[in-house]
Structure formats: C-alpha cells, structure tokens
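Below is one structure, written out as structure tokens; the observations come after it.
Only the coordinates and a few stated rules stand behind these numbers; no lab work does. In this text, all values refer to a predicted model and were calculated from it rather than measured experimentally. Positions of Cβ are generated from backbone atoms using ideal geometry, with glycine treated the same way; all protein chains shown enter the neighbour counts.
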Amino acid sequence: MSKPFIYFSFGTLKSMDYTAFRNARILVTGGAGFIGNNLVRRLLQNEVSKIVIMDNQSSGMAVFLPDDNRITFVGMDIDKMDKLNFVINQHEFDYVFHLAAHFANQNSVDHPFSDIQTNIVGTVSLLEILKFHKSLKKFVYASSSCVYGTAENMDEGVYIYPSETPYSINKYTAELYTQYYAHLFHVPTVSIRIFNTYGPYELAGKYRNVIPNFIEKALNGEDLVITGTGKETRDFTYVDDLIDLMLSAALSPSKDGEIFNGGTGSKTEVANMAEIIKEVAQSQSNLVFKPARNWDKVKDRVSDLSRSAGELGYAPKVNIREGLEKTIKWYKDNYDKVKSLKNYFE
Ligand SMILES: NC(=O)c1ccc[n+]([C@@H]2O[C@H](COP(=O)([O-])OP(=O)(O)OC[C@H]3O[C@@H](n4cnc5c(N)ncnc54)[C@H](O)[C@@H]3O)[C@@H](O)[C@H]2O)c1
C-alpha cells in the first residue's frame, strides 16, 4: 500500500512528502530527454525500486543518464505496438511519466507526420496497453502550454482551440485522449501543461528551446537572435519546480484526466531573459532582432497557478535569475561533454 498524499505547510515554507515513491516501479517514456534526465534523478533520490526508460534518442541522449542499476534503458519507438506490449507486459508499473514527444513547434511544422506519429499514435498506443494494467496508480502526461494557443486567460478551465502548429494540435489531442481513457477505462491519468521549462541536461539545437541556445551563443560570444520585438513574454520555469509539480500530481488523489498548469505564474520579457543570460555568462554577445516566425502569434504567456497551488500545494521556488545561474553553471561544469555532443541534433 502506498502512503496517502500528504502536504505539509510550515508557515510560508512548503514541502511535499514523496515517500510514497519508495519501492515504486516506474516507466518514463522520453526519459533520456531534458526533463526526463531531471525527473529520473529525482525519482532515484526518492528510493524507487525500478525505472524503465523508453526512448529512441531522437532528441535526448542516454549518455547523460546516471549510472544506477535500478535503471533499465530500452531504445525504442513508443508508437510500435508489438515492442511496447512486450516491454510493458514484463512489468507491473505503479507510475508512468509520459514525456516522449516529437519536440516541438518548428519541428512539427517541418515534420507534421512524425509529430502525429509520436505525439498522438505513441500516446494512444501506451494508453491502449495500460488500460489493462490495474496496478497503475497514475499516468502523468507531459502536455504543453502551447495548447492555450492565443488564449489570454491561461487557467485550465478556459475553452481552447489550438491550431497554430501541428505540435499544439497534437499535444492537445493527446491530452483529450488521456481524458477519454480516464473516463471510459479508468486509467488514472493527469496532464501537466508545461510552460517554457529550462535547466540542466538541455543542449542547444535547431529545434530546442531558446534558453539553451542563448546560453551556448552567449558563452561563445555569438549574436543572440530574438525572433520578435523582445517584448514578448514567457513563463520561464526552472525544471526542479516542474519536477516538484509532476511528482505531486503523480501522488495526488485526482485520477480522472485532470489538468494542471506547470509554470511559475510570472512572466519575463524575452529580451530581459537574454540580458540576464549575457550578464551571468559575462558575455559580450549582441542582441539581434528578426521577424517573429509566422506561426508564433503569442505575445504574452503566463500560467494561472490557482488550481496547481490549491489542489497540489504547488509553489515554485526558483526565480528566473537564480534558475539561469544554476543552468549556466551546469553548462560550464559540463562544457567538455556538451561540446563533444554539439551539433548532435542539428
Ligand atoms: N521543455 C519544455 O519547455 C516543454 C514545454 C512544454 C511541454 N514539454 C513536454 O515535456 C516533454 C519532455 O520535453 P523535453 O523538453 O524533455 O523534450 P526532449 O526532446 O528533451 O525529450 C523528449 C524525449 O522523447 C524521446 N522521443 C521522441 N520521440 C520518441 C519516440 N517516438 N519514441 C521514443 N522516444 C521518443 C526523445 O529522444 C527525447 O529523449 C515532452 O512531452 C514535451 O512535449 C516540454
């Protein structure tokens, strides 16, 4: 029996009790990716008994994963039913964290069919198999803030109709499937709408997020190219905070396809973020402005955390400067390894 979900509050200092993960058996799809690497490390700290990682290494790398005999790495595509069945049916998982994805907007514009294949077919394949696994306590789906499209109000209950990119359409469609499987087959699903997340274990690359790309360019003294005016805002979220939320969602009583925002609740102008990177990296790089990409119509994006805070006790702790300092330190500390892998995803 796992322990019940417990939330401690010490005045303003809040900390979650994750001891229910002790001895748990966990599947992490996309576990070799950026968020996966951070999640896997945190799960190991919480004394889980086993982590199976499924990843085709198309945008993540097993090379960063910790050396720990509780981890089993399976190199595979999540949309191949035969292999998926074979691997999943060897285990009785307590928790599944579904992070594998064709990432992200521009990649989906360039490769719409691959996006459907991984983000929709892959997700449905997993759920089709897991609907028979009664041991499962929670299926946590990594959704995206891009499902809000151009909506101004970003609370989970708002009506949305994303159509900007295949990625936004498909991440939302997969979210709907998690609800369908929850309602019809009682698969205990929960979705986290992740707002621009950054931190260690994310390398720069053509389809990667702006922060690792700016860090690498700043450290090399190259131009930081902003697509837009720089006044656009995003809710940049440090990965440790997001992991807190994912773990809390996994242990929460909600099982019926509920959705939670994973952001910080505050917004930062893109140009301001670039200036902080320059300052922390002690870089002489210039900011260069180019027209926004034609699909990028979102001027301001910030999460409403009412539900995540109210139901899960989520309270992000890391502000943008502190998060960028930690990320740049990781980048510098691991520079040799990062450099040897440069251009891997280009
Ligand atoms: N990083 C962010 O800011 C952000 C924002 C919103 C949503 N998300 C979501 O969070 C999840 C993790 O994102 P991330 O930033 O770690 O991305 P990532 O690209 O680093 O990780 C995704 C992993 O999935 C693997 N993968 C891709 N296609 C696969 C397939 N068909 N079969 C098996 N493995 C496959 C990749 O190799 C990679 O390791 C994704 O679902 C993404 O959509 C991330």
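Shape verdict for the range 107-159, please, from the Cα gyration tensor: rounded (a/c under 1.5), prolate (a/b greater than b/c) or oblate. If you can, show how the numbers build up before the last one.
Working: a/c = 3.61, a/b = 1.29, b/c = 2.79.
Note, shape of the range 107-159 comes out oblate.
Could you please report the charge total around Gly122, scoring K, R as +1 and D, E as -1 over all other residues with beta-carbon less than 15 angstrom from its beta-carbon?
Numbers: positive: Lys80, Lys83, Lys171; negative: Asp55, Asp77, Asp79, Asp82, Asp115, Glu128, Glu175.
Here the count lands on -4.
With a point put 7 Å past each Cα toward its Cβ, work out how far Lys137 is from Asp67 in nm, to one decimal.
Roughly 3.1 nm, to one decimal.
List residues of the range 25-50, by number, whose backbone nitrogen lies under 14 Å from a label position 7 Å along Cα→C-beta of Glu92.
Residues 25-26 qualify, since their backbone N sits under 14 Å from the label point.
Note the full-extension length gain between Phe289 and Lys317 as 0.36 nm times their separation in residues minus their Cα-Cα distance, in nm to one decimal. Can you show the working numbers first?
Working: separation 28, 0.36 × 28 = 10.08 nm, distance 3.13 nm.
This chain segment gains 7.0 nm when fully extended.
If you rank His183, His102, His91 by fewest surrounding Cβ atoms within 10 Å, what's the result?
His183, His91, His102
Where does each of Thr227, Thr118, Thr29 land when they are ranked from fewest to most other beta-carbon atoms within 10 angstrom? Mind dumping the intermediate values first?
Numbers: Thr227 15, Thr118 25, Thr29 28.
Ranking Thr227, Thr118, Thr29 by Cβ neighbours within 10 Å, fewest first, gives Thr227, Thr118, Thr29.
Within 10 Å of each residue's Cβ, count the other Cβ atoms and sort Val187, Val158 from fewest upward. Present the calculation step by step, with values, prior to reporting the outcome.
On the way: Val187 26, Val158 11.
The most exposed by this proxy come first: Val158, Val187.
Under the rule a/c < 1.5 gives rounded, and otherwise a/b versus b/c splits prolate from oblate, where does the chain land using the Cα gyration tensor?
It comes out rounded by the Cα gyration axes.
Calculate the FRET efficiency for Arg22 and Glu128 from the Cβ-Cβ distance with a Förster distance of 30 Å, rounded to the nearest 0.05.
E(calc), rounded to 0.05, equals 0.50.
What nm distance separates the two modelled labels at Leu184 and Lys255, each placed 7 Å from Cα along Cα→Cβ?
Label at Leu184, label at Lys255, 2.0 nm between them.
Just grab the label-to-label distance for Asn85 and Lys337, each label 7 Å out from Cα along the Cβ direction, in nm (one decimal).
Label at Asn85, label at Lys337, 3.8 nm between them.
Quick check: Cα centre of the range 187-226 to Cα centre of the range 270-343, how many Å?
7
Mind pulling the angle between the C-alpha long axis of helix 239-251 and the longest principal axis of the chain? Nearest 10 degrees, somewhere in 0 to 90.
20
If one takes the longest principal axis of the Cα atoms in the chain, at what angle in degrees, from 0 to 90 and to the nearest 10, does the Cα axis of helix 320-333 lie?
The helix 320-333 is inclined about 90 degrees to the chain.
Measure nothing but the geometry: give the 0 to 90° angle between the long axis through the Cα atoms of 270-280 and the longest principal axis through the Cα atoms of the chain, rounded to 10°.
80
Which of the listed residues, Ala24, Trp295, Met81, is farthest toward the dipole's positive end in the chain, when Lys, Arg count +1 and Asp, Glu count -1 at the beta-carbon?
Selected residue: Ala24.
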